[in-house]
Amino acid sequence: MTTYVLVSGMWLGGWAWHDVTAALRGAGHEVFPLTLTGVADRAHLLGPGVDLDTHTEDIVRLVETEDLREVVLVGHSYGGMPVSAAALRLRDRIARVIYVDSGPLPVGTTQQSMSGEPAGEGDAVPPRDWDPGADPVLLAGLDEAALTLLRTRGTPHPRASVTQPLGARATSAELPTTLVSCTFAPEQIKELRAADHPFFSGLTEAEMVSLPTGHWPMLSEPAALAAILEQRG
């Protein structure tokens, strides 16, 4: 049996891992789909003080409170930011870190700077439009049922968490690490790594696995993603 902690990206909660969680639990594993403070079923906790440190603490507290050991810690998209910081603090409890279309970004980087979008104002970043016509690459593979879920269950994301720079974090040199790449082809990854692209600076020794689909594989390819996670548990 393997223990998994699943952390999703912006606007989503533990609900987004429903099918992946069911598949892994059905195979006998222990699975904790985590909702970060300020989103989904924890949206009532949204406020100006909910930042990247808060989300890192969410992960650390779960693992320590449940006394989890030999954890496979999975971070999707923005979730890779707090996962990489939490993995450093929890390294004696972590068996492997898996980034899903994500990674341990460079120290001092913000999620907002990587996305290239304006910082905006207020306590939260509104959900995207979830329009596959306007964003066919990132939303590839999502059927109408999945898009409806995203439109109806996605919630604003704490703005402070995407504007706070990342501090100390674990890299693939410190913990066994896998990158599940969905929107980057293997050839692109090789070129970007060779060019020392900052997105891959913490993944120099990571295993690379390709899962061709859009940016939300837990909804577009849940069975395939669950199989990849199980194989590395």
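Here, each number is a calculation from the coordinates, and none is a lab measurement. Just so it is clear, the structure is predicted and the values come from calculations on it, not from any experiment. Note that each Cβ is placed from the backbone with ideal geometry, even for glycine, and that neighbours are counted across all protein chains shown.
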- request: Please list 146-154, 69-77, 95-103 highest first by mean number of surrounding beta-carbon atoms within 10 Å per residue.
  value: 95-103, 69-77, 146-154
- line: The ³J(HN,Hα) series, computed from each phi in the stretch 20-36 with the Karplus coefficients 6.51, -1.76 and 1.60 at θ = phi - 60°, rounded to the nearest Hz and given as x for glycine or proline, is 5, 4, 4, 5, 5, 5, x, 8, x, 8, 9, 10, 10, x, 8, 9, 6
- prompt: With +1 on each Lys and Arg Cβ and -1 on each Asp and Glu Cβ, how big is the dipole of the stretch 95-161 about its Cα centre, in debye rounded to the nearest 20?
  reply: 300 debye
query: Which shape class applies to the stretch 13-82: rounded if a/c is under 1.5, otherwise prolate when a/b exceeds b/c and oblate if not, where a ≥ b ≥ c are the square roots of the Cα gyration tensor eigenvalues?
result: prolate
query: So for Glu207, Glu57, fewest C-beta neighbours within 10 Å to most, what's the order?
result: Glu207, Glu57
statement: For Ile98, other-chain or 5+-apart residues with amide H closer than 5 Å (H placed, Pro excluded) are Leu73, Val74, Gly75, Thr178
message: Explain nothing, just the number: dipole magnitude of the chain about its Cα centre with +1 on each Lys and Arg Cβ and -1 on each Asp and Glu Cβ, in debye rounded to the nearest 20.
response: 280 debye
task: Run through the DSSP bridge list for the stretch 3-231 and note the antiparallel percent, rounded to the nearest 5.
output: 10 percent
message: Compute a Gaussian network model of the chain, connecting alpha carbons closer than 10 Å, and tell me which residue from Pro186, Pro106, Pro82 fluctuates the most.
response: Pro186
task: Would you mind telling me the antiparallel percentage of the DSSP bridges in the stretch 48-176, rounded to 5?
output: 25 percent
query: Using alpha-carbon pairs under 8 Å, 6+ residues apart, how would you state the relative contact order of the stretch 44-125 in percent?
result: 31 percent
query: In what sequence do Ser181, Ser84 fall when counting other Cβ within 10 Å, fewest first?
result: Ser181, Ser84
task: Could you tell me whether the stretch 107-215 comes out rounded, prolate or oblate from its Cα gyration tensor? Rule is a ≥ b ≥ c as square roots of the eigenvalues, rounded for a/c under 1.5, then prolate if a/b exceeds b/c, otherwise oblate.
output: oblate
message: Rounded, prolate or oblate for the stretch 94-160? Axes are the square roots of the Cα gyration tensor eigenvalues, ordered a ≥ b ≥ c, and the cut-off for rounded is a/c under 1.5.
response: oblate
In sequence order, calculated HN-Hα J values of the stretch 194-206 (Karplus, 6.51, -1.76, 1.60; Hz; x Gly/Pro): 5, 8, 6, 4, x, 4, 10, 5, x, 10, 4, 10, 7
- prompt: Along the Cα-to-C-beta direction of Ala27, a point sits 7 Å from the Cα; which residues of the stretch 69-93 have their amide N less than 18 Å from that point?
  reply: 70-76
- line: Over all pairs of different Cα atoms in the chain, the reciprocal of the mean inverse distance gives a Kirkwood radius in Å of 17.5 Å
field: Inter-site label distance for Asp196 and Leu147 at 7 Å from Cα along Cβ, in nm
entry: 4.2 nm
message: Can you find, among Leu192, Leu90, Ala40, the residue sitting farthest towards the positive end of the charge dipole of the chain, where Lys and Arg contribute +1 and Asp and Glu -1 at Cβ?
response: Leu90
task: List every residue whose amide H lies under 5 Å from the amide H of Val125, counting only residues 5 or more places away in sequence or on a different chain, with H placed 1.01 Å from N in the peptide plane.
output: His157, Arg159
Residues listed by number, the stretch 83-107, amide nitrogen under 17 Å from Ala185 label point at 7 Å toward C-beta: none
- line: Averaged over all viewing directions, the convex hull of the alpha carbons in the stretch 155-216 casts a projected area in nm² of 5.6 nm²
